[in-house]
C-alpha cells in the first residue's frame, strides 16, 4: 500500500502546487491570449501531475513502457486497440438505442433531416475518445494499477484505481473567478471548491457507480491481457459514443425513464451501470479459467 499512498500524496501535492502556480501562470497566459482563470488552473494541474507521475514512476523503478502497459509489439498493440475500439462502439449501441427508444434522449431535428451532418460529430468523437483513452488509461490502468501490483495487492490494484478514476470525474465546482477579482490566492480559492460536488453524494451516486464499474471492467481487461491496448480501445469507443450522443441528441429530464441517466452527462447512470455489470459478469465467466499474463510491469 505504501506505493499507492505515495501516488495519492503526489496527486495531492500536485493540486497544492497548481494552486500556487495558477496566478503567475494566468498572468503569463494573459500576455498572449485571454483565458478563464479556472481553465488555466486545469491546464497547469495536468502538467504538474504529469511531471509528478514521471518522478514517482522513476522513484518506484517503474519508469518504463512495460509499467505503463505498453508491452505489446506495435502491430499487435494497434490490432488489439482497433478491435477493442470497434467492440466498445458495439457494446454502447444497446444503451444508446434504449435511451432513444425510451425518449430519454431525442435526436436533434436537423440531424434527422440531414444525416450527413453526423460526419463531423463522428470525427470529433473519435478524436476525443482516443485522446481521453490514451491519457486516462496510461495513468489509471497503466501507472496506478502497476504501482498497486508492485505492492502485491491484486484486488486493491483493481478496486482503488477504479475508486480514484470515478472520483476525478466529479472534481471541479462551478466557481468562476471574475478577472477583476483575481489575485495571488485565487488558485487556492479554486482548489477549495474542487470537491464541492461531493457535498451531495446521493445526487452523484448513479453516475459514480457507473464510472466505478467501468474502472473495474477496464482493470480486469488490463490484468487479463497484460497491456492497456484493449483498455484504450474500449475507453475510446465508449467516449466516442457518449460524445456523439451528447452532441446529436437532446436530454428530456421529464421523460418517464429519465432516472436511468445521471446528472453528470445525462448519458451514464443506472442504465449504463446495468450494462457494465453484465459485461463484468460475462468477462469474469469467460476468462476465469484462462491464465493471467505475468506482464504488469513488475514481477508477480
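Brief remarks on what is shown
- Helices (runs of 4 or more DSSP H) (entirely within the range 94-154) containing at least 3 residues that are at pLDDT 85 or above and either out of contact with any helix residue (DSSP H, G or I) (no Cβ under 9 Å at 6 or more places or on another chain) or closer than 25 Å to residue 46 by Cβ (or both): 118-137
A quick yes/no check of all residues on (1) touching a helix residue (DSSP H, G or I) at 6+ places or on another chain (Cβ under 6 Å); (2) touching a residue at least 12 places away in the same chain (Cβ under 8 Å); (3) under 14 Å from residue 88 (Cα atoms); (4) part of a helix (DSSP H, G or I):
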site: 216; (1), (2), (3), (4): yes, yes, no, yes
site: 222; (1), (2), (3), (4): yes, yes, no, yes
site: 227; (1), (2), (3), (4): no, yes, no, no
site: 232; (1), (2), (3), (4): yes, yes, yes, yes
site: 238; (1), (2), (3), (4): yes, yes, yes, yes
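- Selection from the range 241-263 of residues that are farther than 23 Å from residue 122 by Cβ and either touching a helix residue (DSSP H, G or I) at 6+ places or on another chain (Cβ under 7 Å) or in a helix (DSSP H, G or I) (or both): 252, 258, 259, 260, 262, 263
- Counted residues, the range 206-230 - those being under 11 Å from the mean Cα position of the chain (by Cα) and more than 13 Å from residue 159 (Cβ to Cβ): 2
- Failed item in (1) without any contact (Cβ under 8 Å) to a residue 60 or more places away in the chain; (2) outside any helix (DSSP H, G or I); (3) more than 22 Å from residue 5 (Cβ to Cβ), with residue 208 passing the rest: (2)
- Residue tally, condition outside any loop (DSSP other than H, G, I, E, B), touching a helix residue (DSSP H, G or I) at 6+ places or on another chain (Cβ under 6 Å) and under 28 Å from residue 219 (Cα atoms), over the range 161-198: 4
The values are calculated or read from the model by the stated rules, or taken from the named source; none is laboratory data. The model shown is predicted, which means the values in this text are computed figures rather than measured ones. In this analysis, Cβ positions are derived from the backbone assuming ideal geometry, glycine residues included, and neighbour counts consider all displayed protein chains.
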